[in-house]
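I have placed the structure first, in the form of structure tokens, so that the comments after it can refer back to it.
The values are calculated or read from the model by the stated rules, or taken from the named source; none is laboratory data. The shown structure was predicted, so the numbers you read here are calculated from the model rather than taken from an experiment. Counting neighbours? That spans all protein chains shown, and the Cβs are built from the backbone with ideal geometry, glycine included.
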Amino acid sequence: MAEMGSGYVAYMGHQWITIEGEVITVGFMEEALEELDNIIKVDLPAENESVEKDEICGELETKDGSLNIYAPVEGTVLEINTAVVDNPELVHEDPYGDGWVIKIEAANPDDVKELTSGANYDN
């Protein structure tokens, strides 16, 4: 089992985030993925699309159902991981590395400060 390591923050119980300035990278915690069988499809927002804090912005589709992707901040999708769109199982295979799903540029620096003030944050 891979470990999250320092600099990762648990979010919404099943996601992790990392923070670099105003850019938030989002992925899935390995523990959340263990309960899912094959990931069939990854639906992600388009690059440059606006997302709202704590709102659904995508999902992982599996044979057992789906797992929502939540935006941790209001902002703009800077980058999507096309590798997980092309190969959804990459989310399972490398959840804390190449299996990240989206990068969001925060619209409000206070949203980022709120995330970094959490007890789990270790920069």
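Selection of the stretch 64-117 for residues being in contact (Cβ under 8 Å) with a residue 40 or more places away in the chain and among the basic types (Lys, Arg) yields only LYS103. Within the stretch 78-94, being in a helix (DSSP H, G or I) and over 19 Å from GLU35 (Cα atoms) holds for THR82, ALA83, VAL85, ASP86.
For the stretch 22-40, filtering for residues that are at pLDDT 90 or above, assigned to a loop (DSSP other than H, G, I, E, B) and within 22 Å of GLU89 (Cβ to Cβ) leaves 1. If you filter the stretch 1-21 down to residues that are surrounded by 13 or more Cβ atoms within 10 Å (Cβ to Cβ) and either among the hydroxyl-bearing types (Ser, Thr, Tyr) or in a loop (DSSP other than H, G, I, E, B) (or both), you find that the one that is modelled with the lowest pLDDT is MET4.
Within the stretch 22-60, track down each residue that is in contact (Cβ under 8 Å) with a residue 60 or more places away in the chain and either in contact with a strand residue (DSSP E or B) (Cβ under 7 Å, 6 or more places away or on another chain) or exposed (fewer than 13 other Cβ atoms within 10 Å of the Cβ) (or both). Talk me through it step by step, then tell me what you get.
First, the residues of the stretch 22-60 that are in contact (Cβ under 8 Å) with a residue 60 or more places away in the chain: 22-30, 33.
Answer for the stretch 22-60, where residues must be in contact (Cβ under 8 Å) with a residue 60 or more places away in the chain and either in contact with a strand residue (DSSP E or B) (Cβ under 7 Å, 6 or more places away or on another chain) or exposed (fewer than 13 other Cβ atoms within 10 Å of the Cβ) (or both): GLU22, VAL23, ILE24, THR25, VAL26, GLY27, PHE28, MET29.
Quick check: is even one residue across the stretch 60-74 part of a loop (DSSP other than H, G, I, E, B), within 16 Å of GLY7 (Cβ to Cβ) and under 13 Å from the mean Cα position of the chain (by Cα)?
Taking the stretch 60-74 first, the residues part of a loop (DSSP other than H, G, I, E, B) are 63-64, 71-74.
This time we only want the ones that are within 16 Å of GLY7 (Cβ to Cβ), so: 72.
With the extra rule that they be under 13 Å from the mean Cα position of the chain (by Cα), the set shrinks to 72.
Within the stretch 60-74, one or more residues are part of a loop (DSSP other than H, G, I, E, B), within 16 Å of GLY7 (Cβ to Cβ) and under 13 Å from the mean Cα position of the chain (by Cα).
Just one residue in the set SER117, SER66 is at pLDDT below 95, of a type outside the set (A, V, I, L, M, F, W, C) and exposed (fewer than 14 other Cβ atoms within 10 Å of the Cβ); that residue is SER117. Name the single residue, out of those in the stretch 94-113 being among the charged types (D, E, K, R) and within 14 Å of VAL42 (Cβ to Cβ), that is surrounded by the most Cβ atoms within 10 Å (Cβ to Cβ). Filtering first and then ranking leaves ASP94. Against the conditions (1) touching a helix residue (DSSP H, G or I) at 6+ places or on another chain (Cβ under 8 Å); (2) under 14 Å from VAL26 (Cβ atoms), VAL51 satisfies every one except (1). Restricting THR25, THR76 to residues that are under 11 Å from ILE102 (Cα atoms), hydroxyl-bearing (Ser, Thr, Tyr) and in contact with a Phe, Trp or Tyr (Cβ under 6 Å, 6 or more places away or on another chain) narrows the list to THR25.
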